[in-house]
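J.: Could you have a look at this structure, given as C-alpha cells, before my questions?
Every read-out reported here was derived from the displayed coordinates using simple, explicitly stated rules and does not represent laboratory data. All values reported here derive from a predicted model rather than from experimental measurement. Counting neighbours? That spans all protein chains shown, and the Cβs are built from the backbone with ideal geometry, glycine included.
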Amino acid sequence: MSREPSLVIIRLATPADVPACGQILFDAFATLNPRHGFPPDFPSPEAAAGVLAGMFSAPDHYCVVAEQGGRIVGSNCLDERSVISGVGPITVDPGAQNSGIGRKLMQAVIDRAHSQGAAGVRLVQAAFHNRSLSLYASLGFDIREPLACMQGRTPGRSVPGCSVHAAQASDLAACEALSRRVHGFSRGVELSGAIQRGTALVVEREDRITGYTTHLAFFGHSTAETNVDLEALITSAESFAGPGILVPTRNTSLFRWCLANGLRVVQPMTLMSAGLYNKPAGAWLPSVMF
C-alpha cells in the first residue's frame, strides 16, 4: 500500500484507534471554537476519547478513520440506531485540515447510509463554522432548524400539573408511540439504552406520558407533545451534561422561556438533513447527532 503523504486512506475504526482519534477530536474543537469566541465541546482529550470509545465498539455505529502517510488524521461516525442515521462527531487533525479529508470522511458514512437503506441522514453543525456548512450543503444536506446550545439551571424544580420521573422499561411503548406522532419514526433503541443507563426521564400529565428525554445533554434528545412538557423536563434537571441542551430557536415560546428561566446560549448550531425529513408535530430537542 502506498505511503505517499498526500494519499488519504479511509478504513474502519478499531478500539486501538481511540487514543489518537480522541486527541484529534479534542484538538479540533479546542482549536476551532475559541477562535470564534466559543468554549470547546470537550473538556479534555480523555473525555473526547471516552465518547469515541463507546461509538467505536458499538455494533449499531459505523465508524471510520482517515490515515495519511501512515498517521491517523481524522475520524467520523454514523449512528444507525433508527431508520434515520446520525452523523458525527467528524473531526480532522488541525494540521491536516482544508485538504479534502473531511469530504472523504463524510462521503464514507453517506455511502454506508445509502447501502444500508437509511431513510435519511442528519447532523448538527456548528453555525459559526463556514467551511463545514459549505461542505455539508455541497454534499446534499439541507438546513432544517437553527438551534441554540443552552446551559444553566432553572430557578424552579417543577412545573404545575406535570410529574417527572425516571423512565422505566414499561414506559418504552408509550414513548415510541409519542416519537412516531411527533417525528414519524421511533428512536426506541436509543431510549432503551438510556433507560438502562439511568439517564432517561418521562413527564406525565393527567396520568399519561406526554414527553420523554434520553438525557438532558449534548448527546441526548427529547420529544414531547407540548412546550409545557419540555419545560417540565428541563426544570427537573440540576444540570445539563456536556455543553448543554439544543433548543430549536424557531420555537420562540420555548426559547424565550429558557432565557427567562436562567438558561444562557453557549453557541449557535444548525440541524441539517438529507433524505426523509418530516416537520415535527410537537415539541422537541435534538441531540448533537440529530
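J.: Any idea how far the Cα center of segment 196-238 sits from the one of segment 47-112, in Å?
T.: 29 Å
J.: Express in % the proportion of alpha carbon pairs of the chain at distances exceeding 30 Å.
T.: 29 percent
J.: Could you pull out every residue, at least 5 positions away or on a different chain, whose amide H is within less than 5 Å of the one on ARG144? Hs are placed 1.01 Å off N in the peptide plane, and Pro or chain starts have none.
T.: Correct list: LEU271, MET272, SER273.
J.: Can you put LEU25, LEU135 in order of Cβ neighbours within 10 angstrom, beginning with the fewest?
T.: With the fewest neighbours first, LEU25, LEU135 line up as LEU135, LEU25.
J.: Determine, for LYS279, LYS104, the number of other Cβ atoms within 10 Å of each Cβ, and report the residues in order from fewest to most.
T.: In increasing order of surrounding Cβ atoms, one gets LYS279, LYS104.
J.: For a Förster distance of 30 Å, can you work out the FRET efficiency between the beta-carbons of ARG181 and SER134, rounded to the nearest 0.05?
T.: It comes out at approximately 0.30.
J.: Give me the extension gain from ARG153 to ASP207: residue separation times 0.36 nm, minus the current Cα-Cα distance, reported in nm with one decimal.
T.: 16.8 nm
J.: If a/c stays under 1.5 just call it rounded; otherwise compare a/b with b/c (prolate if a/b is bigger, oblate if not). Do that for segment 150-285, with a ≥ b ≥ c from the square roots of the Cα gyration tensor eigenvalues.
T.: Rounded.
J.: Can you give the angle from 0 to 90° between the axis of helix 101-115 and the longest principal axis of the chain, with both taken from C-alpha atoms, to the nearest 10?
T.: 60 degrees
J.: Just need the relative contact order of segment 8-118 here, percent rounded to a whole number, with Cα pairs under 8 Å and 6+ apart.
T.: 28 percent
J.: Could I ask something else about it? Just to check I understand the Karplus step: with θ = phi - 60° and J = 6.51 cos²θ - 1.76 cosθ + 1.60, what whole-Hz values come out for segment 260-265, glycine and proline as x?
T.: For segment 260-265, the Karplus curve yields 5, 10, x, 7, 10, 7 Hz.
J.: Please label the shape of segment 43-116 as rounded, prolate or oblate, based on the square roots a ≥ b ≥ c of the eigenvalues of the alpha-carbon gyration tensor (a/c under 1.5 means rounded; beyond that, a/b larger than b/c means prolate, else oblate).
T.: Because a/c hits 1.5 or more and a/b fails to exceed b/c, segment 43-116 counts as oblate.
J.: While we're here: List the relative contact order of the chain as a percent without decimals, with contacts defined as Cα pairs under 8 Å and 6+ residues apart.
T.: 20 percent
J.: Here's a follow-up. Amide H to amide H under 5 Å from VAL8: which residues, 5+ apart in sequence or cross-chain, H placed 1.01 Å off N in plane?
T.: none
J.: Still on this structure, please answer the following. Quick one: length gained pulling VAL189 to ASN278 fully straight, 0.36 nm per residue minus the C-alpha distance?
T.: Gain on extension, VAL189 to ASN278, equals 30.1 nm.
J.: Need one number: nm distance between label points at ARG256 and LEU7, each 7 Å from Cα along Cα→Cβ, rounded to one decimal.
T.: So the two model labels end up 6.0 nm from each other.
J.: Spin-label point model (7 Å from Cα, Cβ direction): what's the ARG264 to HIS114 distance in nm?
T.: 4.5 nm
J.: How much net charge surrounds ASP229 when only other residues with a Cβ under 10 Å from its Cβ are counted (Lys, Arg +1; Asp, Glu -1)?
T.: Net local charge, ASP229 excluded: -2.
J.: Within 10 Å of each residue's Cβ, count the other Cβ atoms and sort SER132, SER170 from fewest upward.
T.: Least to most surrounded, the residues fall as SER170, SER132.
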